1. If we keep just the residues of the range 216-267 that are within 19 Å of R190 (Cβ to Cβ), aliphatic (A, V, I, L, M) and in a helix (DSSP H, G or I), which is most open to solvent (accessible area, probe 1.4 Å)?
2. E140 passes all but one of (1) surrounded by fewer than 19 Cβ atoms within 10 Å (Cβ to Cβ); (2) touching a residue at least 24 places away in the same chain (Cβ under 8 Å); which number fails?
3. Give the number of residues within the range 155-183 that are open to solvent by 60 Å² or more (accessible area, probe 1.4 Å) and acidic (D, E).
4. Among the residues in the range 147-156, are any polar (S, T, N, Q) and out of contact with any Phe, Trp or Tyr (no Cβ under 6 Å at 6 or more places or on another chain)?
5. What number goes with the only condition from (1) out of contact with any strand residue (DSSP E or B) (no Cβ under 9 Å at 6 or more places or on another chain); (2) surrounded by 15 or more Cβ atoms within 10 Å (Cβ to Cβ); (3) of a type in the set (F, W, Y) that Y9 does not pass?
6. Could you tell me which residue of the range 196-214 is modelled with the lowest pLDDT, considering only residues that are part of a loop (DSSP other than H, G, I, E, B) and open to solvent by less than 10 Å² (accessible area, probe 1.4 Å)?
7. Looking at the range 18-67 only, could you name the residues that are modelled with pLDDT of 70 or more, part of a loop (DSSP other than H, G, I, E, B) and open to solvent by 40 Å² or more (accessible area, probe 1.4 Å)?
8. Give all pairs with beta carbons closer than 9 Å in which a residue from the range 1-28 that is over 25 Å from V205 (Cβ atoms) and aromatic (F, W, Y) meets a residue that is open to solvent by 20 Å² or more (accessible area, probe 1.4 Å) and not in a helix (DSSP H, G or I); count only pairs at least 6 apart in sequence or on separate chains.
Amino acid sequence: KGQEAWFTYEYLRGLRNYASFAVTISTASALDLLNHTENEQLPFPVFARLLPLNQHNSATESNLPDSDLHSNSVREYKLKAGKYFLLIGSTDPRKNTSNTVRGFARMHQIYKKQTVLDFPLSDLKLAIVGPQHWRTPEIENTLEQAREECDIVETGYVSDYKLQTLVKNSAGVLMPSYYEGFGIPLALARSNGIPTLTACNSSLVEVTEANSVYSEPGSVDSLAMGMFQLLREPSKSLPQDDDWLNYTRDLIRIHIKESKAKLKTTI
């Protein structure tokens, strides 16, 4: 309560008064910033630079366990490679967790007799990964009802290497959010060549481009059909050369460019 007013009138106003320039993590976020200026012209430039679409961190990956331990990370949660969808993130309402769970259960109702990827659809599980924030009664009730139709696994928070393993071995990553500033799980999926299901809003189209199935986030049937399409016609991720090193270099270039511009103005 009161967070939106604080964000608009305190945080953003302070940013406008003191910032030299702004860098956002997507074009959608840049537009959001410009739309929250109370009809005032910003006294500084705003740059949009997507976070790296290749989310691999070489320093972290060099410390990852071997393939046997990778497999153990999947089996730890009673999952089988290629036989589960992954839903990553907290249960914040904008993440659309309840409808995503309903869509997964609805898919089982509609297509329960179908065989996909050489296994019965009834074998497909939904793994929900991440901290259980915003644990509302609606989400609790939705999970209880959905478990009557399908198998749902909640892992809670997992380490980075376990998350990488769960993504690599999944049949698809689901993120039909109502809003995202970027959508790191989608970039993580693309890095590993895993198909995704998402929505056409905020930054999500920028991150996924043509490598995803798009569904209406408010429609349970649309989500169910999209998930089934993800299994029947998995999209192939395009190679991503962009990484954290290029991202950092671009931020440095932006900083140097603006610093030189301000120096010329001062002189």
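The values are calculated or read from the model by the stated rules, or taken from the named source; none is laboratory data. Here the structure is a predicted model, which means the values were calculated and not measured. Ideal geometry is used to build each Cβ from the backbone, glycine not excepted, and the neighbour counts take in all protein chains shown. To get the accessible areas, we keep the full protein, side chains included, count just its heavy atoms, and leave off ligands, DNA and RNA. Shrake-Rupley method; radii C 1.70, N 1.55, O 1.52, S 1.80 Å.
1. Looking at residues that are within 19 Å of R190 (Cβ to Cβ), aliphatic (A, V, I, L, M) and in a helix (DSSP H, G or I), I get L245.
2. Every listed condition holds for E140 apart from (2).
3. Of the residues in the range 155-183, 1 are open to solvent by 60 Å² or more (accessible area, probe 1.4 Å) and acidic (D, E).
4. Within the range 147-156, not a single residue is polar (S, T, N, Q) and out of contact with any Phe, Trp or Tyr (no Cβ under 6 Å at 6 or more places or on another chain).
5. Unmet for Y9, out of (1) out of contact with any strand residue (DSSP E or B) (no Cβ under 9 Å at 6 or more places or on another chain); (2) surrounded by 15 or more Cβ atoms within 10 Å (Cβ to Cβ); (3) of a type in the set (F, W, Y): (2).
6. The residue in question is N211.
7. S20, F21, I25, H36, E38, N39, E40, Q41, P43, P45, L50, H56
8. Pairs found: Y9/E38; F21/P45; F21/V46; F21/F47.
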